[in-house]
Amino acid sequence: MKSDVLVVGAGPAGLALAAALCEAGLRVEGIAPGGPDAPWPNTYGIWEDELPSAGLAAMLHHRWTDCVTYAADEELRLDRVYGLLDNAQLQTHLLAQCERGAMRWHQQPARAIAHHATHASVTVGDGTALTARVVVDASGHKPVFVQRPPLGEVAFQAAYGVVGTFTQPPVRTGRLVLMDYRSDYLTERERQQEPPTFLYAMDLGGGRYFVEETSLAHAPAAPFDLLKARLQRRLASMGGAVAGVEHEEFCLFPMNLPIPYLDQPVLGYGGAASMVHPASGYQVGAALRNAPVVAHALAQALNKPDASPASIAKAGWDALWPAERLRKHRLYLFGLQTLLSFDEAQLQRFFAAFFRLPRRRWGGYLSNTLTLPEILQSMTGLLFAAPMDVRRGLLGAALRHPSLFVRAATGLG
């Protein structure tokens, strides 16, 4: 039987969109080689105000009001509530929405796709052909079907983390440390020649903590061995060490993948659609917020009985990447290129200035909720507030990458 939408992938993004499509009354099928209920391996932190509903906010199994950042020898308090998603609860919630929509899942890999006048056909591992009026590829940063322009230099966010117990508390009771760039435990040569990294840490209660050494963005990616060694040395400099490990986390994903071709007959979502925010590396909040919007656009396009897969996918792409969001994304990529050129000392001074901006400015920038003029105003405000070496770095980046900045700021090209 032909479905309306076939979703490839069942990570947070794929499952969020599948649930929204079912809520919109569409006939949905899914492909998940490991099964749609396979546990998600990563930890997902999010600002509470990024979640689109109180129901989703209730799925934070930890919340912190004491949130700080350390940069340039300053402790900067962040007046904003941060949370950690309960993966199992969110997954169960989304799967229940899919079940109410009578969604069927196929626990096989997707192998090939063929497009026809009114539908697409996907061949799975056992040779079965699944047909749908449109296919959504939510299979991650290395998508099965979505095509994108040739890659340039790819910057990766990399992190090594531990959930467990420690000989000394790595963070104050009840506190979340979003970024701790202090690097006194490194040698001068390491600070100058190796990728800058920061500590992301949180008190989970009951003597348990999550600590993670993170490289915000670097090309090539910072090696896990380096991150693990730095985390151990950082803890030692605090007078502590890991006492017991419940979970080790290895996180690696690209920050600046090109936007996919927006005229292709397959719709991407999540990492497959380059939805990772170049300013933070986060995407789950955006996936949850945008899922109902994209589902509505697809439902409207599917109302035309003779609509082609390409025209249906275009409606989804237009909802996901409207003109202003594309321009904002280019500005964020420009900002990322700037950070890639900073050494460790400049990066610390940059973030010290960034988090001194009004909360609405830095918060909106990290959440991708500012308008294009507001982003430009925030960048201008940061330029004037930053120390001279950071200011020179920002202006130098505009001179090194003029086309990227001009295209974003003017909408030309």
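Of the residues 257, 235, 262, the single one that is among the hydrophobic types (A, V, I, L, M, F, W, C), within 30 Å of residue 152 (Cα to Cα) and either touching a Pro at 6+ places or on another chain (Cβ under 9 Å) or touching a residue at least 60 places away in the same chain (Cβ under 8 Å) (or both) is 257. Among residues that are in contact (Cβ under 8 Å) with a residue 60 or more places away in the chain, over 30 Å from residue 255 (Cα atoms) and in contact with a His (Cβ under 8 Å, 6 or more places away or on another chain), residue 132 is included. Does the stretch 97-108 contain at least one residue that is of a type outside the set (A, V, I, L, M) and free of Cβ contacts under 8 Å to residues at least 40 places away in the same chain? Yes, the stretch 97-108 has at least one match.
From the list 96, 16, 88, 117, the lone residue that is of a type outside the set (Ser, Thr, Tyr), in a loop (DSSP other than H, G, I, E, B) and out of contact with any strand residue (DSSP E or B) (no Cβ under 7 Å at 6 or more places or on another chain) is 117.
Limited to the stretch 162-211, what total is found for residues that are in a loop (DSSP other than H, G, I, E, B) and basic (Lys, Arg)?
Quick first cut of the stretch 162-211, residues in a loop (DSSP other than H, G, I, E, B) only: 167-174, 181-187, 194-197, 206-207.
Imposing the further condition that a residue be basic (Lys, Arg) reduces the set to 172, 182.
Selection size over the stretch 162-211: 2.
Might you let me know whether the stretch 231-239 holds any residue that is in contact with an Asp or Glu (Cβ under 8 Å, 6 or more places away or on another chain), farther than 22 Å from residue 73 by Cβ, surrounded by 14 or more Cβ atoms within 10 Å (Cβ to Cβ) and modelled with pLDDT of 95 or more? No, because not a single residue in the stretch 231-239 is in contact with an Asp or Glu (Cβ under 8 Å, 6 or more places away or on another chain), farther than 22 Å from residue 73 by Cβ, surrounded by 14 or more Cβ atoms within 10 Å (Cβ to Cβ) and modelled with pLDDT of 95 or more. Looking across the stretch 94-151, the residues that are within 30 Å of residue 57 (Cα to Cα) and among the acidic types (Asp, Glu) come down to 99, 137.
Yes/no matrix, rows are residues, columns are (1) within 26 Å of the chain's Cα centre (by Cα); (2) polar (S, T, N, Q); (3) not assigned by TED's automatic domain parsing to the domain that holds residue 266:
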site: 57; (1), (2), (3): yes, no, no
site: 69; (1), (2), (3): yes, yes, yes
site: 74; (1), (2), (3): no, no, yes
site: 88; (1), (2), (3): yes, no, no
site: 93; (1), (2), (3): yes, no, no
site: 101; (1), (2), (3): no, no, no
site: 105; (1), (2), (3): yes, no, no
site: 118; (1), (2), (3): no, yes, no
site: 125; (1), (2), (3): no, no, no
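The values are calculated or read from the model by the stated rules, or taken from the named source; none is laboratory data. All of these numbers come straight from a predicted model, not from anything done at the bench. With ideal geometry, Cβ positions are generated from the backbone for all residues, glycine too; neighbour counts draw on all protein chains shown.
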